[in-house]
Structures are given as C-alpha cells and as structure tokens.
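K.L.:
Pasting in a structure now, in structure tokens, and then I'll have a few things to ask.
The values are calculated or read from the model by the stated rules, or taken from the named source; none is laboratory data. Bear in mind the structure is a predicted one, so any value in this text is a computation, not a measurement. Using ideal geometry, Cβ is built from the backbone for each residue, glycine included, and neighbour counts are taken over all protein chains shown. SASA here: full protein model, heavy atoms, side chains in, ligands and nucleic acids out. Shrake-Rupley method; radii C 1.70, N 1.55, O 1.52, S 1.80 Å.
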Amino acid sequence: MFAALIALVGYGLWAVDGVTRHDVAGDPEYYIYRQLVFAVIGSLGMIGVLFVDPEYYRRYRKVLYAGLIFLLLLVMAMGTDARGSTRWISLGFFQFQPSEFGKLLLAIVLAGVLATRGRRIGEWRTVAVAVGVAALPTLLVFMQPDIGTALVYGAILAATLFFAGARWRHLGILAAVAVLVGTVVLWLAPALGIDILAPYQRARITAFLHPSDNPQGAAYNINQSITAVGSGGSTGRGVAGATQTNLDYLPEHHTDFVFASIAEQRGFVGASVLLLLYLLLIWRGVRVIATARDPFCATVAGAIVFALLFQIFVNVGMTIGIAPITGIPLPFVSVGGSAMVTNLIAIGVLQAIAMRRR
C-alpha cells in the first residue's frame, strides 16, 4: 500500500506544481511548497498511527465523538468566514478544517457503535442508532454550509452499515429516504416557497443536468471544466500552453477542478495515470478489508476505502459534467492542508489494520 501511496502523492505534487505555477505572481512555488509541508506533516501522522492498535479507537469512541462535535461547534462559534461558508479555524499559519478530520473520526465512531452491537446489526434499532450518531455531525457540517462534506458523511454512514452487515432491506429504505430528502431540498421545498438551500447553491448543484441553460451563470464552472478536459487531447497542452488554467478561465483549478487542469496540461494519458494510481490504492484497501482481524477493523477499513472512492468519483465526475458540483476535493491532489493530512492519517489507520490482520 505504501508504494501505491508514495506514487500517488508524488504524482499529485508534480501535477499541482504545474497547475499552480501561474497562480501567485512572483512566487510560482508558493502552493507546491505548502502542499509539500502538509504532505510531510500527514506522513508523520500516518507513521504515528501505525503504532496504535485500532482497538483503542473502539474503546475510546465516545471520546472521539465528543471531540468531533466539540470541534464542529467551535467552528460555528469562532470559525473564519470565506465565500459565504464558515468551515475553518484560523491557526495563523494554517486554516484548520475540522470537518475534514471528522470524516475519519466519524468512520471510527460508527464502526465502534456497530461493532459493539454484534449480532443485533440486523435490527432496526441498531440502524437507527447509527443514523442518529451520524446525523448530528452531518447537520453541523451542512449548516456551515458544506454540502460536499455532508454528502461524504452520508457515504461513510452507508459504508459502515454495509460492511457491518446491515440488512439489504434496511439499506434500501435508507437509500430511498436519502433520495426523498434530496428531492424535497432541491425541488419540492423551493416550489412551495421554502428555501432550505440558498438559490445559488441549488443552481450550482443541479447545473450539471442542464449545462447549456445558463453557461455564464451556475453552469459556468462545468462548461469551463469540460472545455479544459477536452482541450488536453491525448498528451496535453503542457504547463505553458494550458490557457484555461493559466488565464483563470477555469475557477478553483487548484482545488475543486484540479482534475480538469491536470487533464488540460497532461492530457488523457496523464489523467489516466492518476486514475490508475487511485485504482491501485483502492485495490490495496479492499485487500485490507478482506483480511481484517475483526468486524470493527473491517468496518473502519471499508468506510475509509469507500469514502476515498466516493470523493474520487464525485470530484472527477463533476469536472466532466456527470456529477453535481459539491466542492469535494480530490484526495491527495487538491491543494488543502486539512484534507492532505487527514487522508494520509486515514491510510495510516488502514495500514495499522493490515499489520494486525488475522
């Protein structure tokens, strides 16, 4: 797994170096140096968790859950506002985003809750308890507002229930409820004059369904992203020739739409290499799930792997117009310290589980 991770992180740093080279006047290495620092910090954290038996996480799941809720409440009380969202706590040199670390914490907590109930996983009461545990942090994240991370929390809930052995009937009902809630939030409630989301948020989420309706408005990002991906061709336009990226026609090309910039600069070949590295990492993660020593470890590993897969699919999907724009970063590639550190620590937890396999 480490070999796949090193290759993926290295490729991501190389790609970000090209994507952000023209973003800061007079300092082309600004973002790559910051990303490298976060990669080093995350790697130290990853090495540190290798020495922690995952059983400790299960034993202290209540403390971890309390810490997660405290951090999310702290964001609401003293968080830094940026672009209409309050997601970060300013630490001077670093903008700490607790919701990113919450992805790993929620996976561990839910796995612990389900593992302690053992054979009762088939009961509705157990499913309801898991939903209740996930609902509070998901709601707090949704209120920031951070719809993308809230969706990841929902994916983690689904993954933990699946890998813990919940009944298909229960999973199907929860999926139907999720679709119903999405329909109410995006269409039914606005039709009745009730705005759960701001109009611009609804338009941004649903723009991929009709990108030609408002090309200079809500669908601008999608159209520019599709243009960037298509203009890359087979081998890319190179760093100097990537006009969509260099001239800022493609917004957020170092975070949300970094895959589109990579496709423009490196082409189909470069984008395919990145996806193959992801596939290799996911495959290694699946092997960890299969050899985990107990249900708790298997559920934690499954939630981590599925959360990574979900984020990869949604991020890449929104850059090519097949998924809604939700602000989910591309793991190990999008510029962002909290995401990089969290993902590396999550891989450390996976490796710790693998080291103690049955």
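K.L.:
Just give me the residues in the range 1-53 being part of a loop (DSSP other than H, G, I, E, B), buried (at least 19 other Cβ atoms within 10 Å of the Cβ) and out of contact with any Pro (no Cβ under 6 Å at 6 or more places or on another chain), in sequence order.
P.N.:
Residue satisfying the conditions is Thr20 alone.
K.L.:
Give the number of residues within the range 60-85 that are hydrophobic (A, V, I, L, M, F, W, C), open to solvent by 100 Å² or more (accessible area, probe 1.4 Å) and over 21 Å from Ala134 (Cα atoms).
P.N.:
1
K.L.:
Follow-up. I need the helices (runs of 4 or more DSSP H) fully contained in the range 106-183, keeping only those with at least 1 residues that are touching a strand residue (DSSP E or B) at 6+ places or on another chain (Cβ under 9 Å) and β-branched (Val, Ile, Thr).
P.N.:
124-142, 147-164
K.L.:
Just checking, how many residues over the range 157-182 are within 23 Å of the chain's Cα centre (by Cα) and under 23 Å from Ala301 (Cβ atoms)?
P.N.:
Selection size over the range 157-182: 11.
K.L.:
Output the number of the condition that Trp88 fails; it satisfies all remaining conditions of (1) touching a strand residue (DSSP E or B) at 6+ places or on another chain (Cβ under 9 Å); (2) surrounded by fewer than 20 Cβ atoms within 10 Å (Cβ to Cβ).
P.N.:
Looking at each condition in turn, Trp88 falls short on (2).
K.L.:
Answer with yes or no whether Arg204 is open to solvent by 40 Å² or more (accessible area, probe 1.4 Å) and within 30 Å of Asp294 (Cα to Cα).
P.N.:
Criteria not met by Arg204.
K.L.:
Let me ask another. Can you tell which of Ser234, Ser212 is without any contact (Cβ under 8 Å) to a residue 12 or more places away in the chain, part of a loop (DSSP other than H, G, I, E, B) and either open to solvent by 40 Å² or more (accessible area, probe 1.4 Å) or farther than 28 Å from Phe268 by Cβ (or both)?
P.N.:
Going through Ser234, Ser212 in turn, the sole match is Ser212.
K.L.:
Please list, ordered by first then second residue, the pairs with beta carbon atoms under 7 Å, 6 or more apart or interchain, first in the range 94-123 and under 28 Å from Trp168 (Cβ atoms), second among the basic types (Lys, Arg).
P.N.:
That search, which allows pairs on different chains as well, returns Ile108/Arg61; Val109/Arg61; Gly112/Arg58; Gly112/Arg61; Val113/Arg61; Ala115/Arg58; Gly122/Arg167.
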